[in-house]
Amino acid sequence: MKVLFVDDEPRVLEALERSLFQLDVDWNVTFAEGGQAALRELAAARFDVVVSDMRMPGMDGAALLSQVCKKYPHVVRIVLSGQTDEAEAFRAVRVAHQFLAKPFSSEALRQVIERARLLMMGLGDERLQAIVGRLEHLPSAPQLMDDLTRALEDEATTAETLAAIVRQDPAMSSKVLQLVNSSFFSNGASISDIRAAVVRLGTKTVRALATRGGAFAASTKPGELSSASVATAQLRSLATARVASRIAKDKVDPAAAFAAGLLCDVGELILSGPMSHESDGSEGEHRQRDALKHAEVGAFFLGLWGLPFPIVEAVANHHAPSRTALHGPGLPQVVWLAACLVNGNEPDTSYLRHIGFEGSLSDYRAMTE
Amino acid sequence: MTTGTVLGELSLPELTLKVDALERKLRAKEKTIRVLIQRVEGSASEVHSAFWVLEQNIALEKMVVKRTAEINAQKEQLAQALAELQGAQAKLLQAQKLEAIGQLAAGIAHEVNTPTQYVSDNTAFAKRAVVGLIETLQASLAVVQAVQEGRDTSTLIPCVDSLLKTAKIPYLLVQLPRALDQAQEGLGRVATIVQAMKEFSHPSSAEKTPVNLREAIETTIAVARHEWKYLADVDLAMDPEMPPVPVLRNEFNQVILNLIVNAAHAIGGVTAGGSEGRGKITIAGRTGVDSVEIRITDTGSGIPLHARAKVFEPFYTTKAVGKGTGQGLAIAYSVIVDKHQGSISFETEPGQGTTFIITLPLRDAGLGAAAPAKDIP
Ligand SMILES: Nc1ncnc2c1ncn2[C@@H]1O[C@H](COP(=O)(O)OP(=O)(O)OP(=O)(O)O)[C@@H](O)[C@H]1O
Ligand SMILES: [Mg+2]
């Protein structure tokens, strides 16, 4: 794996180099003083991760990363900035996958990059990686988008009102969780509760995200998913989320189960989106394989955006929870059961009992009402 | 922020209007008196009976007394309005300063966070390095001791060897001193910015005190560093012989800050925010016979003809919301001209840049910050 670090302050790079050498990272690291130098490095070799400062003379971080997004969409883009100004931060939101605030310890940085590596290895498909890497946001359900716009027009709208809208929509929720789990927008706390995430960001930030940040959008462009299919997917996800949080009761955190349930099918939204259809000859074959991969793609997407690991893991395994290391009634199992019930699939009752779901299937079916 | 909320009942424009109206009334009244007095004087020279003259004079005098009383009342009103205006201006100055500091705060945070990043990386590095060094040292000392006591060292040597490898000693020997140097340098940078911030915002006395302008300007340049460093280089060329100049330190700093920020904005405008070349801001100071002159030159957009008459007007701005409120130069004018009896002007060439020129008297005229009431004629 090759990682490129970009900063206009050579001392920041030098100190990072020292720390990473000492920490014995087994990836290849390169350092570039500024945007132009970074582009030269990127042209000369294949990189997997770019970690860039925002404010730099000449070409700044936002300009650099948007170039990287266009030319090398498979590259994981991470901002490491000393900026505290939210207006500036919104420029980063559109071009980066994760936003880290300086000072950020090199151990923690190593973890972030290691995690990216695991995700890439887990997905193991550069074409899909590029499709996901390019995404600025997922399509929101048009109705909820209208609701959000209307709520934001009202100066008196509370964070609770916004949260009630956001938590129904996988697209908005993934964005909000992405931001709140980055050290830039909150202190890097791991937050899985969508309501708490919206409250923590606050109405002002959510408003700025919606207006200046361009963080939410309904799918309307031709070639993208039809509004109707986005809306259908949203309703199904919301149903899964609700059932998951009911099942979760006294097994796992219901708020996390809700989020994982809501997000478990984002891979489908991504794979039926426009970019995945970019033909390179064997389109039919790709699409068939993609259908099997949606859980992995969804998990890769959420992991790339820095969502809490339990959610990523649950989404990755919600079709085959027995693959996880967890053998009790954990988050993957809860989401799996919820998805089975909502989609009308028959869950394997012996596995259910094996992992410790005591209730009868009909009890759980009742939860879908 | 609107001035209305800052100033309480009356906003600055409203107050200015009130003072204008009062001054007009006062002028009208004074004219009446002049006419009356002229009449008295004039009538005395005409041929009239003494009694008539006396009668006229008494009537006139009564009128003069009455009018004078009115005038005095109005003068008092005017004085009060002026005092309010002065207070309002002081508040405005404070408000603009807070606003400027608010805008600077984000930049200062960035200026602090960057060195903090490498200070903490370097100290974490040093800490881990020292652990490795100590282990190696202890193992080596064990060998020394064994040799001294004539014991067998064959089991101890490989231990030292492996520690030498895992601790990456040769690497540490080169990098550890550098890491510590840079950590120290980074802390120095943080300390400088914090100190500059403290000096910049430290409440100075309401009296003018002799100030070394070069030091004051250096502080302001440091505080504003984030505003210019991506856009321009700053050159400070002060006459080394310049004596301390009596100024209100805080207000003076604020003026220089406003001018530097304006210069940076003007340069940002012509370099696409620093992505197309760099500009230059030059601050030069010269000493004259009884005054000093400070010139702040930028290589920015220049001021277009139609704007030249307006730039010192309060709330005149060509900048986007959040970037400017149009108070910077109005405040600079009030501070330099009203409070220091100096002057402020500019030379500008569209496409070339702008120079703002400040002069300040070397001797305090003693009127500056005093109450305005006694200045009223
Ligand atoms: N150095 C300069 N070069 C070009 N134009 C300038 C310069 N300084 C000031 N101006 C013009 O004069 C206007 C008024 O300046 P002033 O400092 O009073 O307000 P501002 O900079 O717009 O806002 P504020 O200073 O309150 O943040 C500016 O908007 C700009 O158009
Ligand atoms: Mg200004």
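Would you say B:Gly326 is near ligand 1 (Cβ under 8 Å from one of its atoms) and within 20 Å of B:Pro304 (Cβ to Cβ)? Yes.
Scanning region A:17-30 for residues that are surrounded by fewer than 23 Cβ atoms within 10 Å (Cβ to Cβ) and either touching a Phe, Trp or Tyr at 6+ places or on another chain (Cβ under 6 Å) or without any contact (Cβ under 8 Å) to a residue 40 or more places away in the chain (or both) yields A:Glu17, A:Phe21, A:Gln22, A:Asp24, A:Asp26, A:Asn28, A:Val29, A:Thr30.
Among the residues making up region B:244-263, those that are of a type outside the set (A, V, I, L, M, F, W, C), away from ligand 2 (no atom under 16 Å from the Cβ) and either crowded, with 24+ Cβ neighbours inside 10 Å or in a helix (DSSP H, G or I) (or both) are B:Arg249, B:Asn250. Sort out which residues of region A:124-163 are outside any helix (DSSP H, G or I), open to solvent by 50 Å² or more (accessible area, probe 1.4 Å) and charged (D, E, K, R), and write them in order of number. Answer for region A:124-163, where residues must be outside any helix (DSSP H, G or I), open to solvent by 50 Å² or more (accessible area, probe 1.4 Å) and charged (D, E, K, R): A:Glu136, A:Asp154, A:Glu155.
Exactly one residue among A:Thr349, A:Thr324 is β-branched (Val, Ile, Thr), assigned by TED's automatic domain parsing to the domain that holds A:Leu262 and farther than 30 Å from A:Gly133 by Cα, and that residue is A:Thr349.
Restricting B:Ile281, B:Ile303 to residues that are open to solvent by 20 Å² or more (accessible area, probe 1.4 Å) and within 16 Å of ligand 2 (Cβ to nearest atom) narrows the list to B:Ile303.
Can you confirm whether A:Ala108 is within 14 Å of chain B (Cβ to nearest Cβ) and more than 22 Å from A:Gly35 (Cβ to Cβ)? For A:Ala108, the condition - within 14 Å of chain B (Cβ to nearest Cβ) and more than 22 Å from A:Gly35 (Cβ to Cβ) - is met.
Restricting attention to region B:221-239, the residues being in a helix (DSSP H, G or I) and either open to solvent by 20 Å² or more (accessible area, probe 1.4 Å) or more than 13 Å from B:Gln195 (Cβ to Cβ) (or both) number 6. Using the structure shown, decide if A:Glu33 is touching an Asp or Glu at 6+ places or on another chain (Cβ under 8 Å) and open to solvent by 10 Å² or more (accessible area, probe 1.4 Å). The answer is yes for A:Glu33. Flag not set for B:Arg225, criterion: more than 30 Å from B:Ser120 (Cα to Cα) and either in contact (Cβ under 8 Å) with a residue 12 or more places away in the chain or in contact with a Gly (Cβ under 7 Å, 6 or more places away or on another chain) (or both). Of the residues B:Ala237, B:Ala266, B:Ala224, the single one that is under 26 Å from B:Lys319 (Cβ atoms) and either away from ligand 2 (no atom under 16 Å from the Cβ) or in contact with a strand residue (DSSP E or B) (Cβ under 6 Å, 6 or more places away or on another chain) (or both) is B:Ala266.
Scanning region A:172-200 for residues that are more than 15 Å from the chain's Cα centre (by Cα), at pLDDT 90 or above and open to solvent by less than 20 Å² (accessible area, probe 1.4 Å) yields a total of 1.
The values are calculated or read from the model by the stated rules, or taken from the named source; none is laboratory data. Every value quoted in this text rests on a predicted model; they were computed, and no experiment measured them. Cβ sites come from the backbone with ideal geometry, for glycine too, and all protein chains shown count toward neighbours. All accessible areas refer to the heavy atoms of the entire protein, side chains included, with ligands and DNA or RNA removed. Shrake-Rupley method; radii C 1.70, N 1.55, O 1.52, S 1.80 Å.
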